[in-house]
Amino acid sequence: VSEPEPANLYEAVGGEPTFRRIIKRFYEEVARDEVLRPLYPEEDLGPAEERFRLFLIQYWGGPHTYSDQRGHPRLRMRHAPFKIGPIERDAWLRCIRIAIDEENLPEPYLSQLWAYLEMAAHSMMNSFV
Ligand code: HEM
């Protein structure tokens with residue numbers, strides 16, 4: 001008897017606990033990154049960590065708690081107040097890369113997740129410098 005196929009990437013990589021670990025690790029890097037930390041308006045990064053975790057969980061097929069709480073993501077609009085140029089994008093990608101590498105996610109999910117995050121980080125840029 002074979003196992004049922006996972007319904008989506010969220011389930012395939014281990015669901016909520018996996019996303020919780022990745023995003024927690026990401027914000028540990030943000031907290032000590034001199035490019036990124038000043039962009040975050042709140043002293044407590046906890047609420048930002050929760051928003052990003054809930055967004056990614058929803059995006060990859062998990063519960064829709066993000067939109068229940070925040071409405072339509074409109075991520076480019078929500079990032080408009082922050083200057084995001086190549087330096088900020090690369091700092092962000094460096095932090096998320098560290099967080100994801102520590103999970104040892106299986107293929108093809110690792111490549112899918114990474115392709116999406118690179119694309120999304122590029123599309124969030126709103127400055128050339
Ligand atoms: C929010 C920075 C890319 C998802 C934020 C905030 C900052 C920020 C400063 C506000 C913190 C807060 O929630 O209070 C950046 C920078 C990026 C980047 C410098 C570099 C490219 C991304 C990408 C995604 C993303 C690629 C998605 C894949 C989010 C989400 C929120 C957020 C979901 C919360 C939106 C809400 O208010 O509901 N980001 N971000 N960010 N970011 Fe990013």
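Taking the criterion of being open to solvent by 40 Å² or more (accessible area, probe 1.4 Å), hydrophobic (A, V, I, L, M, F, W, C), within 8 Å of the ligand (Cβ to nearest atom) and not in a loop (DSSP other than H, G, I, E, B), the only residue of the stretch 91-129 that qualifies is Trp92. Can you find a residue in the stretch 44-61 that is part of a helix (DSSP H, G or I), more than 12 Å from the ligand (Cβ to nearest atom), open to solvent by less than 60 Å² (accessible area, probe 1.4 Å) and touching a Leu at 6+ places or on another chain (Cβ under 9 Å)? So far as the stretch 44-61 goes, no, none of its residues is part of a helix (DSSP H, G or I), more than 12 Å from the ligand (Cβ to nearest atom), open to solvent by less than 60 Å² (accessible area, probe 1.4 Å) and touching a Leu at 6+ places or on another chain (Cβ under 9 Å).
Among the conditions (1) touching a Phe, Trp or Tyr at 6+ places or on another chain (Cβ under 6 Å); (2) within 15 Å of the ligand (Cβ to nearest atom), Ala12 misses just one, which is (2).
Among the residues of this structure, Phe26 counts as one that is surrounded by 15 or more Cβ atoms within 10 Å (Cβ to Cβ) and touching a residue at least 60 places away in the same chain (Cβ under 8 Å). If you filter the stretch 72-90 down to residues that are part of a helix (DSSP H, G or I), out of contact with any Ser or Thr (no Cβ under 8 Å at 6 or more places or on another chain) and more than 9 Å from the ligand (Cβ to nearest atom), you find that the one that is nearest to Leu9 (Cα to Cα) is Met77. Reported count of residues in the stretch 62-71, each being open to solvent by less than 70 Å² (accessible area, probe 1.4 Å) and either touching a Phe, Trp or Tyr at 6+ places or on another chain (Cβ under 7 Å) or near the ligand (Cβ under 9 Å from one of its atoms) (or both), is 3.
The values are calculated or read from the model by the stated rules, or taken from the named source; none is laboratory data. Keep in mind that what you see is a predicted model, and the values were worked out from it rather than measured. Because the Cβ atoms are built from the backbone with ideal geometry, glycine has one as well, and the counts that use them run over all protein chains shown. Heavy atoms of the whole protein, side chains included, go into the accessibility calculation; ligands, DNA and RNA do not. Shrake-Rupley method; radii C 1.70, N 1.55, O 1.52, S 1.80 Å.
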